[in-house]
1. I'm trying to understand the selection: among the residues of segment 284-312, which are over 18 Å from A67 (Cα atoms) and touching a Leu at 6+ places or on another chain (Cβ under 7 Å)?
2. Any residue in segment 307-319 that is surrounded by 15 or more Cβ atoms within 10 Å (Cβ to Cβ), under 26 Å from A14 (Cα atoms), more than 20 Å from the chain's Cα centre (by Cα) and of a type outside the set (S, T, N, Q)?
3. Can you find a residue in segment 221-235 that is of a type outside the set (S, T, N, Q), at pLDDT 90 or above and within 15 Å of the chain's Cα centre (by Cα)?
4. Report those strands (runs of 3 or more DSSP E) wholly inside segment 113-153 carrying at least 1 residues which are charged (D, E, K, R), surrounded by fewer than 19 Cβ atoms within 10 Å (Cβ to Cβ) and touching a Ser or Thr at 6+ places or on another chain (Cβ under 9 Å).
5. Could you check how many residues of segment 187-209 are of a type in the set (D, E, K, R) and over 15 Å from the mean Cα position of the chain (by Cα)?
6. Would you please name the residue that is nearest to Y205 (Cα to Cα), looking only at residues in segment 137-180 that are among the acidic types (D, E) and touching a residue at least 40 places away in the same chain (Cβ under 8 Å)?
7. Name the pairs: first residue in segment 16-37 and closer than 19 Å to A114 by Cβ, second residue of a type in the set (K, R) and in a strand (DSSP E or B), Cβ to Cβ under 7 Å, at least 6 apart or on different chains?
8. Can you pull out every residue in segment 296-319 that is assigned by TED's automatic domain parsing to the domain that holds V196, part of a helix (DSSP H, G or I) and small (G, A, S)?
Amino acid sequence: MTALVTVDIGGTHARFALAEIAANGAITLGEPVTLHTRDHASFQTAWEDFARLSGGTLPRAVAIAVAGPVGGEVIRFTNNPWIIRPALIPEKLGVERFSLVNDFGAVGHAVARAGGEHFLHLAGPEVDLPASGTLSVVGPGTGLGVAHVWRDGQGGYRVQATEGGHIDFAPLDSIEDAVLGRLRQRYRRVSAERVVSGPGLVDIYEALAAMEGRAIQPLDDKSLWTLGTSGEDSLAAAAVDRFCLSLGSVAGDLALAQGACGVVVAGGLGLRIKDTLLKSGFASRFRAKGRFEGLMAGLPVKLITHPQPGLFGAAAAFASEHLG
């Protein structure tokens, strides 16, 4: 049995849990602790806070998933001011073994290892995800995470984290043209992440209001998600539906680009709006790829419902790297 700390650091939250990996590879997670990145000056101070909350002494191994590229001497986060210097991790955290993986690389490991009970059907044929071939993984949250998983059909797999959330945003109608136009006033280049992410809902909402000539009160994305998914505000609901359409388009583009035989939507936001996704135009936009509509209609699309895929996947990545 191997004991370790598993960590999932995003743009808004840093999640920690104690974990154990059995000799047969089974992973058991303890109760997760979620800390706000804005409340801590660095990863080390958050680590020390978790140690205090856990009663003091921590295992001498850690698996860390980070929201950004993991190569190089310094790791910088895309949506978070923290930095990590991998060479200093043993000294700063008091550990002997560690692994570093992109956060959506970790989610890829979770997709490969989670049981069928952790997947909800969203679109395409209602079949299990294929045991061989490539699975595209896409997840909206503070940003837009993307990875792909290749499975060999015999239980083996490889995960490739990517920065696919930063492909160009491609509008498909006049409403999305308006959203793009609004964003282009602030950014020279508008990526998919600017629209298909939690904060992107604000720009969608404000673009829709401008189209209708509405005067609106500024609202943050959390308030808009609540208003939109509850139906309390019809304009916010329209913005949420537009978000779901755009997510379907981007997921379909990634599946085409990666030669996927299945797609998994991940991320905390996807899980929170699962009921809205099921009723939205997500599936029709996913399929709407012109001459390849028949191909897209044959791909199963699932939502991973594991409560902590980042923590689970980081531990799985540690096991792959250190335990064989």
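The values are calculated or read from the model by the stated rules, or taken from the named source; none is laboratory data. Just so you know, these numbers come straight off a predicted model, no measurement behind them. Ideal geometry is used to build each Cβ from the backbone, glycine not excepted, and the neighbour counts take in all protein chains shown.
1. R285, K289, F292, P300, V301, K302, L303, T305 - these are the residues of segment 284-312 that are over 18 Å from A67 (Cα atoms) and touching a Leu at 6+ places or on another chain (Cβ under 7 Å).
2. For segment 307-319, residues surrounded by 15 or more Cβ atoms within 10 Å (Cβ to Cβ), under 26 Å from A14 (Cα atoms), more than 20 Å from the chain's Cα centre (by Cα) and of a type outside the set (S, T, N, Q): present.
3. Within segment 221-235 (the criterion being of a type outside the set (S, T, N, Q), at pLDDT 90 or above and within 15 Å of the chain's Cα centre (by Cα)), the answer is no, since none of the residues qualifies.
4. Passing ranges, in order: 144-152.
5. So the answer is 4.
6. Filtering segment 137-180 for residues that are among the acidic types (D, E) and touching a residue at least 40 places away in the same chain (Cβ under 8 Å), the one nearest to Y205 (Cα to Cα) comes out as E176.
7. The qualifying pairs are P32/R15.
8. A297
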